[in-house]
Structure formats: C-alpha cells, structure tokens
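Read through the structure below, which is laid out as structure tokens, and then see the notes.
The values are calculated or read from the model by the stated rules, or taken from the named source; none is laboratory data. What you see is a predicted model, and the numbers here were worked out from it, not measured in a lab. When we count neighbours, we look across all protein chains shown, and the Cβ atoms used for this are built from the backbone with ideal geometry, even at glycine. Heavy atoms of the whole protein, side chains included, go into the accessibility calculation; ligands, DNA and RNA do not. Shrake-Rupley method; radii C 1.70, N 1.55, O 1.52, S 1.80 Å.
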Amino acid sequence: MGLIKMSKLEEMKISNHNLSELEKDLALNGEVESTEDIVTEELAIHFGPQHPSAHGVFHAIFHVKGEVVTKIEPDIGYLHRCFEKIAENRTYTQFIPYTDRMDYVASMTNNWAYCMAVEKLAGIEVPERAEHIRVIVGELQRIASHLVFLSTAGSEAGALTPFVYFFDEREGILTLYEKICGARLTYNYIRIGGVRADAPEGWLDDTLAFVTRLKKRMYDYDRLVLGNYIFKKRFIGVAPFSAEQALDWGLTGPPLRSTGVSYDVRRSDPYSVYPRLEFDVVVKYKGDNYDRACIRSDEIKQSIRIIEQAIEQIPEGPVKADGIAKVFKPAAGEGYGHVESPKGDLGFYVVSDGTTKPYRVKIQGPSFGNLQALPAMSEGTYIGDVVLTLGTLDPVFGEVDR
Amino acid sequence: MSDENIMNQGNSEEISAGIKIVEEKGIGYTLTVEREDLFKAASALKEAGFDLFLFVSGIDYPESIKLTYRVYSSKRQNKLAVMLKTEVPKSDPTVDSLVPLWSAANWHERETYDLYGVIFKGHPDLRRIFLPQDWVGYPLRKDYSDDHMTVMDDGKKDKDKAAAKDKPAAAAPKESAEKQDAPEQPSDIADANEVSTNGSDKNE
Amino acid sequence: MIEQVIFFALAAVAIISAIAVVLSRNLFHAVMILGGFLLTIAGFYFLLNADFVGIMQVFVYVGGVIVVMLFGIMLTPHEANITNAAKLQQKLGTYIAVAALIGLLAMIFIRTTFITSPAEPVKDTVSLAGKLFMTNYVLPFEVISVLLLAALVGAIIVARKEEH
Amino acid sequence: MLSSTKLLEFASNYGIPVWALDGAIAIVFAVVLFAICAISVIINVYLLRKISADFQLRYGPMHVGWHGSLQLFADAIKLLTKEDIFPSNADRWIFRLAPVVTFVPAYLGFLVLPIGHGIVIQDLNVGLLYILAIPAIGVAGIIMAGFGSYNKYAIIGSLRSAAQMVSYEVPRALSIIGIVMIAGSAKLSSIVGAQHVWYIILQPIAFVVFLVSTLAEINSTPFDLPETESELVNGYYTEYSGMRFMFFFFAEYVALFAAATLTTVLFLGGWHGPGPEYLGPIWFTIKTFAMIWVIMWIKWTLPRFRIDQVMDLGWKVLLPLALINVLITGLVMMII
C-alpha cells in the first residue's frame, strides 16, 4: 500500500498549463533542491493581473520559498493602448486628452509635460498668470497623488481606515479641480500656450483655505500612518536601495530622492516659475520603503508651501498665449519637455515634420522606469514586503503601459 | 543650477576626444554619433558622469530608424542632460545594447524592440514587453498595418467618407473606431476645423 | 443507558475511522481522519469522567500533532508514484508482525478480568492531577520537563542549521 | 448530566427515563445556544459595520431596513442563493467539510461560558482548558480549506493561519495560568465567582498577553495574515463562494464574539456589577460589547505585521511575558 498521492503543490506546479513561457520554464526546471533530505518546495504565485493590490493590471510571477520571494518576473502590457501611435494620428491639441489617461492619478502633470514639449517645439511663450495657475494645479495634483499613495500604502499594510481619510482629503482637491475645469479625474485643462480658462472667482481663496487646513491635518496623518509602530516595523529597512543602484536602474522621482540623489526636475532643469518659488527638494538617504513613504508626506508639505507662494505671487493677465489656433503647424524640429510629476521625471519627446500632426511622440513615463527596479529591489524579501515595495514605487499602470 | 547658468556656460562641450555635445533648439544638449560608435560614446558619457538613463526612443523614417537616448548626470555641475542620437538602417536594424552600462536600459530597449523592431545586440533578455510574444510586426513603424488598425480622421470626415465608399472593406473598422473614440474627445477639440498655417511662423 | 449508546457510537466511529486511516490512499485524507479518530478517543475519556485527559487529548493531538503532520505533508515533496508492488519478503514480514500483534492483544483481552468499579467517579480531576504531579510524581514530572526542554532547544538548533 | 433535583423528581413522577430527559434538555440547549449565537452574530456584524463605518467617516449600511438593520439578512439571502462553486481540481470532500469543521468549534466554545450567576450550559471543571482547546479543532478546518481548494493563495493562507494559531495558543494558555493560580480553579464559574477585584487589575500583564494572542487567534487586524487581501487575495477561503463562504464569514464573527465573552469572563469580572444578581447577564453583555468595540478599534486602526514579525512577537515577547507573569504571580502568592 505504498502509493502516496502526489502532493498538491507538486501537482499544481506540473499542471500549470497557463500558456506563459515563463511558467513552462518553471515547471520544467524543477525548483526542488536535492541536497537536503527534507526540502520545502518553491512555489510560483501569480500576482495579478486580477489581484486586489496589483495597482492596476500588473502581472508578476513570484517564486516563493516559504514566505520569501526568491525571484520576480514582471509582465506588463495589459493596459497598452499605444498612445504613441495614436498621437501620430491626432493634431497637437487633440492629443492632450489622451495624456490624461496615462497616469490617471495625476492627469494634470501629464497635460503639463506634453504641452511643455509642444511649446518648446513651437517656441511658444506662456503668460505669467497661466504659469502660476499651472504651478498651483500641478502641485495640487502632486498632493492628490501622494495622498493616494499614502492611503494605498496604509491599506496594503493592512490599515484600512487611513485609506478613507486620505481619500476624503483628495476629494477636496478633486472638488477644486471640478470648479476650475469641470472634470474630476481627466482634466484636459492645461493647453498648449496656457490653460483652458482662468480660475473662477474665489477659487484661489478656496485653494488657500484647503491647503491651510491640510497643513494642519498632515501632522495627525503623519502620526496615524507613518508614525505607527507596526507601520514602521513593516517599512523601515525593507528593500533598501543605494544611490548607485537607484541611478543604475533609472529610478526617478521620490524613489530616487529617497536614496540621497537630489534629482528633481523643478530644480535640476527649472521650468515655469519654479526658480522664483522657495521650496526644498526633499531628500532621504536610506532608500528603504519607509524613506520612500516618508518622502511623499514631506513633499506634500513642500507642495503646500509652493501653492501658498504661487497664490500670493499670481499676477493678473491673460491665461493663454495669443494666436495659437486649435490646429497649427509647428516648423519641423524636435521638442522635449519634462516636468517633475508626482511619480518622477515625466517627459514628452515630440518630433514635428511640419504638418498639423506630430511625427513622433515619445512618452517617458516615470512609472515604467521605476517599476523596472522592482525585482532588483525586492527579491529576497517576504511576500508581504514585495506588495509594499511595489506600493512605494507607486506605479500607475496607465503610465507604465501607455 | 538655474537655466540661465547653463546658458552662460556656452552651448557646447567636449566630453572626451571627438565626442562633443552641442545645444539644439527644443531638446537641449545633443550628441549625434554613428551607430558603430554608439557604445563608445555612451561609455564616454557614463564616464563623464551621466549616470541616469532616462529613455530610448525610436523615430521611424522611410529608410532608417533614428534612436534618441536621454541620459542625465547626478554628479555634474552643468549640462546635466544629454540626448544621444544615432541612426540604424531599416535593412539591418541592429545596434549595441546599453544594458551593460545602465541596467535601466533593459526595459526601454525591450520597448523599442517591441514597437520598432530594433535589435539590441548584447541585451540579456530581448523579448516583447507590451505586446504578446507571438505578435507580428512592429506597430510604431509608419508602414505597419493590420486588421485592427484604424486611421483617425482629422476633420475631413466628408472627404474620408467619400473615399470609404470606394473602398468598403476599409470602412467597416473605421466607423466602429469613431464610435468608440467619440466620448473621449472634448467638444471643442472634436469640431476643430480651422487650420492655421501662420501660427507657427508667428511664434518663431 | 445513554452512556452506552454514546459509547457504542463512539466505538463504531473510532473503529471505522481507524480502518479508514490505514486504507486511505491519500495521505492528507488519512491525517484528517486520524484527527477525527483522536477526537473520538477524547470522547471516550469524557465518558470515563477523565475530562482533563480528554481536553488534553484535543489540545495536544488535534491542535498540535495533527497540525504539525499536515504541515509536513503540505510543505514537503513526495514521490509521485511509488510502485505498489511490495516484495514477497516484505509481505510475509508484515503478515507475521500483524498476526503477532493480534495474538498479543487477544491474550491481554482474555487474561483481563473486567470489573465494574464501585468507586464514585472523581469530580475535580484537575486539582487532583495537579496535586499528584506535585507530590507522588514530582520526579517523573520534572524529568519529562527537562526532556521536553532539551527537545525544544534541539529543534531550534536543527531549524537554525537549515537556515545557513 | 443534569443535577437539578426538581427535574429528577419530575421525571420519576411521570415515568420518563432520565436519559430521555437528558437528551431532550441537551437538544433544547443546543437550539437555544445556536439561536443565541446566531442573534449575537447578527448584532455583531451589524455593529461591526456601523462601528467600522464610524471609524472611517462613513455611514455604513443605511438602505435596507432602519439604518440598514436588515442589511445582513439581505446579504445572507444573497449568499445562500449564490452558486456553490467547486474549483475543478479541488479535493471535494475536504473542500466541503472545511467550513463545517471551522464553524462548529467556534460555536462549541459557548457551552461552558457562564453569562450570569449559575446561568451556564455545562459548567465543566476543565472549562478553561476546554475553551482553549476547542479552537484547535478550527485550525484543522482552516488547513482543510487551504488544502482542499487547490489554490496557492489558499495554501499559503492556511499555512500562515495554522502557524499563527499554533504559536499563539502557547502564550494564550500560559497567560491564563496566573488566573487559575489566584482563583484556584479551572472552572469558569468559579473564576468569575472569585473575581471580587477584576483580574484585569490583578493580572495586567496576563491581560495584555491574552488580548494580543486572542487577536491572533481570531485573525483580527494586526494578525490578519491568513487573509491579507493585499497579498493573498482572501487567504484560505479565496475559492469559497455562496453558503460555504458564509460559514467562514460567520465562524469569524462567532470567534470574535467568543473571544470577547471569554475576556469578559476571565478579566472583566464576568457577570459582576452593581445592582441585584439578576442583572448579571446584562452587565455581562455590556462588558462583552465593550470588549468587541475595543477589538474593532484595534482592528480598524492598526496595519498588520509581517509573518516573521508575528512569530517573533509570539515566541520572543509574549511567551516570556506570560512566563514572567506566572513567576510574579507565584512569588506574590507565596509572600501574601
């Protein structure tokens, strides 16, 4: 009576007929080490694309040994809509709404980066007031995006209540956006040569009131999430990255700055009216999950500073450059515009052949570059940590896949 | 380090022997090399402190594919970012991979391979990244076409429809695409019919 | 009356599950049924008013031993198809061993004189057990604790070794 | 089984055999117990939703019935009428049995809980041990669920759950030893009877250890690793749907309720309270719901630990604390 039924795990491994090549390799390579008498088997877990915390449609295969992840094979492209191709068949203005749908948590900065690229290409000067409004809405967007980050970081670590608090705050920003451009998520507000319309009456005061309130509340929120003992225990020292590693893997934005590299487009390649505004580029040095999380909370505070100054300094005047038609023909040439989006260095590289449509639009999404480092960052950590590390890279898959 | 400062430094610099970056309108400092020299130039840039790889972009021209890389330096005092340009002929779209210099080039080169068919020699894992592995063709090439592809109209609806009558086969997918895309277009863009030719002249 | 009904019911379940454990071809099923079997044994203890032992049976065997066995099954790989054909020698040996065991048990059964104890069942088994542990059986109790401690330390050392 | 002399007289007067009377009473008790538990679960779930909504700046259920009070029934009907899905490779019997094996022990705990003076279904001498041992059977159910559903998330979830519950049973049991020493009995009614001063005051360390390990036993938030939705989708019951899912769902709330009642019995003076004795059950209920509120407060505030941190906390912090507590209690009792 010696017939022992094949262990379930083993069966599972062999019967994996999900047609992925990676998967087949896994089944054939035989992950079982034969050096020890009793071994625990290595499992391949499919993380996503339909997974509660996959941050959108992200598929990865985690190879786990016990609870430790030994290898991660990311698989992206589920949201690929080939915006770069669409751009070639749209006029310059028509492409702006598409940029909204890339990083849908921070649409405003996408508009901005694209418009900047086209403005550089066509040599358009943006009026002062428009630049100030851009800075205000751009920084509000940074706050909104970072609030989403903090809420999801909390909920991925198991704290579901802060999630609601941060979304409540974000709601305030979305309401402000609704007032200024009529949309809550996909704004299409920043236009080539300026913004679509001036801020409505009282909007600047509302914004100031909102940031003043948020500034007070950030103290509590920091204690609720980042100051929590368990949260610290989960985040501190997990998946650290050195500055060399971060540069090598092409991180930008908060994940890069958390390693001590002070690369912020707003200071490194100043645009708009940022040179005239006082703010600090937040830099942390350990590069672990906790630094990546804290840096965002600190950036919210800096953004509040920027908004306060911008509202104070905002001049009267037009909000859109004169003489820019909806369809226009820039001279043949190239333009590269990039902004510091909440996720990192977001760039648009626009090539014109002198017609009404761009010849080529290359989108440099920071989420794409940041996500690439996930395997290097989190192999060897626990399953729970990988989820958190993915969260601290804060990728938005609309932008990764474009 | 502000914008004016960079301007004052002059608009070109010799990174190393024979490798000189010059400023180009709209995109900043540029370095154009032959594809054989790409790896050498990239190494020189890396040695000169350009340690952050940002992207590589292909541009499809009738005979060739132009590649534009962007690298950034976290160490240098001025001229912080450089566009590195090269060109590969379509008949033999191969070029050295820059993954040995910057690990970050990995996914970016896979993307360019996926959408343009440029083959990066020495890339550790050159597979399609967005599209399924069995996809045929390279979608971002101008001559790419397949059954799913539709050409968007740009305000010449009537003219296109007239043309579509002649070619009924091509018309079917196009109309469905119009329906799908209609809600995404804000009203003031959808009916943008005026074409300005002097807009760009004015701004120069 | 009701005790007898319960006794026979438990006995039936115990025997059936014991047979099922042996006959089950699925190791996981076998262990699950073994868990059920151990529960019925706990039921016997309760029936005999030995509630402390009964609870310990559940606590230690069902909560501890069975769970550890399941861990072992789930975490370790198994030979997919061990050939079923045992050698003749093995079969012969098995038969002899089983026959000997049955003979032994039968002998015990025949020689034992079953008496109905007239004594009142003990009410507070816990305190009685505690007192006995601390007085008459204090030496074995301490020896066992030292033994378990040694086993615990040994387990930690073994587990650590695997890490490196 | 039953020691009431009046009932025995009644039985002998009418010629009813004792075992029949016993059996009948057992059945009545079982039904009553089940009803109490079901009602408690309903109130519990409603409260849980309302309390969690309150923590989260929401209203919670509002539309079905008064302030959403009938929402749970709507949910139950929905779950009961849903299709019962078996994964194609599932081990059918194990998959089927798992919810029952998890569900029944959760209820069995209530057998020995005294909710008022003399109001207890079966006052076992080893009541305390019984109530600690019963959840051990539930562990088997969770492992069965994980193994039977042929799903990797479920397997990892069930392994986590089993590891966690087996580990935390140790400090949980040890933390109570101090109480047994003071009360001099493992009978729950005697423990409550001896609590002229609540044991939360006499045994603060034990209370902390007990509360933390109880949270771990019922998979509440800092220890909800078996069902982390951000990692394992839903852990061991990922593949369950409809009625079987509801069983797990209910088992969890019953376990929560049982944990709160047990804490009340052991540390909060059980039925003791001002006023006449018959108010006992009311005091008991108030204390229990206060305890539930505390557990929810913790649940909706804290993030969760990582699995290795859970194990560290159990073995390196709580276990020594529990042992120290036993030592201190013994020393103090020797001196006094």
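Restricting to region B:84-122, name every residue that is β-branched (V, I, T), away from chain A (no Cβ under 11 Å) and open to solvent by 10 Å² or more (accessible area, probe 1.4 Å).
Within region B:84-122, the first condition is being β-branched (V, I, T), and the residues that meet it are B:86, B:88, B:94-95, B:99, B:112, B:118-119.
Adding the requirement that they be away from chain A (no Cβ under 11 Å) leaves B:86, B:88, B:94-95, B:118-119.
Across region B:84-122, the qualifying residues are B:T94, B:I119.
Scanning region D:64-80 for residues that are more than 17 Å from D:N44 (Cβ to Cβ) and in contact (Cβ under 8 Å) with a residue 60 or more places away in the chain returns a single hit, D:L80. Open to solvent by 50 Å² or more (accessible area, probe 1.4 Å), touching a residue at least 24 places away in the same chain (Cβ under 8 Å) and touching a strand residue (DSSP E or B) at 6+ places or on another chain (Cβ under 8 Å) - does that describe any residue in region D:278-292? Looking through region D:278-292, at least one residue is open to solvent by 50 Å² or more (accessible area, probe 1.4 Å), touching a residue at least 24 places away in the same chain (Cβ under 8 Å) and touching a strand residue (DSSP E or B) at 6+ places or on another chain (Cβ under 8 Å).
Kindly indicate whether any position in region D:93-103 is assigned to a helix (DSSP H, G or I) and touching a Lys or Arg at 6+ places or on another chain (Cβ under 7 Å). Yes, region D:93-103 has at least one match. Can you confirm whether D:A255 is open to solvent by less than 20 Å² (accessible area, probe 1.4 Å), assigned to a helix (DSSP H, G or I) and either closer than 22 Å to A:R234 by Cβ or touching a helix residue (DSSP H, G or I) at 6+ places or on another chain (Cβ under 8 Å) (or both)? For D:A255, the condition - open to solvent by less than 20 Å² (accessible area, probe 1.4 Å), assigned to a helix (DSSP H, G or I) and either closer than 22 Å to A:R234 by Cβ or touching a helix residue (DSSP H, G or I) at 6+ places or on another chain (Cβ under 8 Å) (or both) - is not met.
Any chance region A:372-382 includes a residue that's open to solvent by 20 Å² or more (accessible area, probe 1.4 Å) and within 10 Å of chain B (Cβ to nearest Cβ)? So far as region A:372-382 goes, yes, one or more of its residues are open to solvent by 20 Å² or more (accessible area, probe 1.4 Å) and within 10 Å of chain B (Cβ to nearest Cβ). Among the criteria (1) under 21 Å from the mean Cα position of the chain (by Cα); (2) away from every other protein chain (no Cβ under 12 Å); (3) not acidic (D, E), the one A:Y219 does not fulfil is (1).
Restricting A:A106, A:A87, A:A113, A:A130 to those that are away from chain D (no Cβ under 14 Å), modelled with pLDDT of 85 or more, open to solvent by less than 10 Å² (accessible area, probe 1.4 Å) and out of contact with any helix residue (DSSP H, G or I) (no Cβ under 9 Å at 6 or more places or on another chain) reduces the list to A:A130.
Take D:S175 and tell me if it is in contact with a helix residue (DSSP H, G or I) (Cβ under 7 Å, 6 or more places away or on another chain), part of a helix (DSSP H, G or I) and modelled with pLDDT under 85. Walk me through it before giving the result.
Working: in contact with a helix residue (DSSP H, G or I) (Cβ under 7 Å, 6 or more places away or on another chain): yes; part of a helix (DSSP H, G or I): yes; modelled with pLDDT under 85: no.
So D:S175 does not fit the description; no.
Every residue, every condition in (1) among the charged types (D, E, K, R); (2) more than 25 Å from D:I295 (Cα to Cα), yes or no:
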| residue | (1), (2) |
| --- | --- |
| D:D22 | yes, yes |
| D:V32 | no, yes |
| D:K50 | yes, no |
| D:G65 | no, yes |
| D:G68 | no, no |
| D:N89 | no, yes |
| D:A98 | no, yes |
| D:A106 | no, no |
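Only one entry of D:D84, D:D75 meets the criterion of being over 17 Å from the mean Cα position of the chain (by Cα) and surrounded by 14 or more Cβ atoms within 10 Å (Cβ to Cβ), and that entry is D:D75. Of all residues in region B:97-134, how many are under 15 Å from A:W249 (Cα atoms) and in a helix (DSSP H, G or I)? Total satisfying the criteria: 6. Taking region D:4-59 as the range and being assigned to a loop (DSSP other than H, G, I, E, B), of a type in the set (A, V, I, L, M, F, W, C) and within 14 Å of chain C (Cβ to nearest Cβ) as the test, only D:I16 passes.
Residues that are of a type outside the set (D, E), assigned to a helix (DSSP H, G or I) and within 14 Å of chain A (Cβ to nearest Cβ) occur at least once in region D:283-296.
Taking the options A:V351, A:V387, name whichever one is β-branched (V, I, T), within 24 Å of A:S155 (Cα to Cα), facing another protein chain (nearest Cβ under 8 Å) and open to solvent by less than 10 Å² (accessible area, probe 1.4 Å). Spell out the reasoning first.
Details: A:V351 fails: within 24 Å of A:S155 (Cα to Cα).
Being β-branched (V, I, T), within 24 Å of A:S155 (Cα to Cα), facing another protein chain (nearest Cβ under 8 Å) and open to solvent by less than 10 Å² (accessible area, probe 1.4 Å) holds for just one of A:V351, A:V387, which is A:V387.
Any idea which of A:S303, A:S268 is of a type in the set (S, T, N, Q) and open to solvent by less than 10 Å² (accessible area, probe 1.4 Å)? Can you show your working first?
On the way: A:S268 fails: open to solvent by less than 10 Å² (accessible area, probe 1.4 Å).
Residue meeting the stated conditions: A:S303.
Where the second residue is part of a helix (DSSP H, G or I) and of a type in the set (V, I, T) and the first is assigned by TED's automatic domain parsing to the domain that holds A:R134 and lies in region A:109-122, which pairs have Cβ atoms under 8 Å and are six or more apart or on separate chains? Correct list of pairs: A:N110/A:T99; A:N111/A:I96; A:N111/A:T99; A:A113/A:T99; A:Y114/A:I96; A:Y114/A:T99; A:C115/A:I96.
Given the criteria modelled with pLDDT of 85 or more and in a loop (DSSP other than H, G, I, E, B), does A:V118 qualify?
Working: modelled with pLDDT of 85 or more: yes; in a loop (DSSP other than H, G, I, E, B): no.
In short, no.
Which residue is nearest to the other protein chains (Cβ to nearest Cβ), if the candidates are limited to region A:234-257 and must be part of a helix (DSSP H, G or I) and in contact with a Lys or Arg (Cβ under 8 Å, 6 or more places away or on another chain)? Taking the candidates together, the pick is A:R234. From the list D:L8, D:L33, the one residue that fits, being modelled with pLDDT under 75, under 17 Å from D:A251 (Cβ atoms) and not assigned by TED's automatic domain parsing to the domain that holds D:Y236, is D:L33. Restricted to region D:181-223, the set of helices (runs of 4 or more DSSP H) holding at least 2 residues that are closer than 20 Å to D:V317 by Cβ and of a type in the set (F, W, Y) comprises D:204-217. In region D:88-105, of all residues being open to solvent by less than 60 Å² (accessible area, probe 1.4 Å) and modelled with pLDDT of 80 or more, the one that is farthest from D:F147 (Cα to Cα) corresponds to D:P105.
Scanning region D:127-148 turns up one or more residues that are crowded, with 21+ Cβ neighbours inside 10 Å, of a type in the set (F, W, Y), touching a residue at least 40 places away in the same chain (Cβ under 8 Å) and farther than 26 Å from D:V28 by Cβ.
I'd like to verify a number: residues in region A:318-337 that are small (G, A, S), open to solvent by 30 Å² or more (accessible area, probe 1.4 Å) and within 7 Å of another protein chain (Cβ to nearest Cβ), how many? Quick ask: steps written out before the conclusion?
Within region A:318-337, the first condition is being small (G, A, S), and the residues that meet it are A:321, A:323, A:325, A:331-333, A:335, A:337.
In the following step, the residues that additionally are open to solvent by 30 Å² or more (accessible area, probe 1.4 Å) were identified as A:323, A:331-332.
Among the residues that remain, those that are also within 7 Å of another protein chain (Cβ to nearest Cβ) are: A:323, A:331.
Qualifying residue count, region A:318-337: 2.
Report, by residue number, each residue of region A:139-160 that is of a type in the set (S, T, Y) and at pLDDT 85 or above.
Of all residues in region A:139-160, those of a type in the set (S, T, Y) come to A:145, A:151-152, A:155.
Selection gives A:S145, A:S151, A:T152.
Scanning region D:37-64 for residues that are in contact with a Phe, Trp or Tyr (Cβ under 8 Å, 6 or more places away or on another chain) and either at positive phi or among the small types (G, A, S) (or both) turns up D:S40, D:S52, D:A53, D:L57. Could you check, for region D:119-127, whether at least one of its residues is within 12 Å of another protein chain (Cβ to nearest Cβ), within 13 Å of the chain's Cα centre (by Cα) and in a helix (DSSP H, G or I)? No, the conditions are met nowhere in region D:119-127. When region A:258-275 is filtered for residues that are in contact (Cβ under 8 Å) with a residue 60 or more places away in the chain, among the β-branched types (V, I, T) and outside any helix (DSSP H, G or I), only A:V273 remains.
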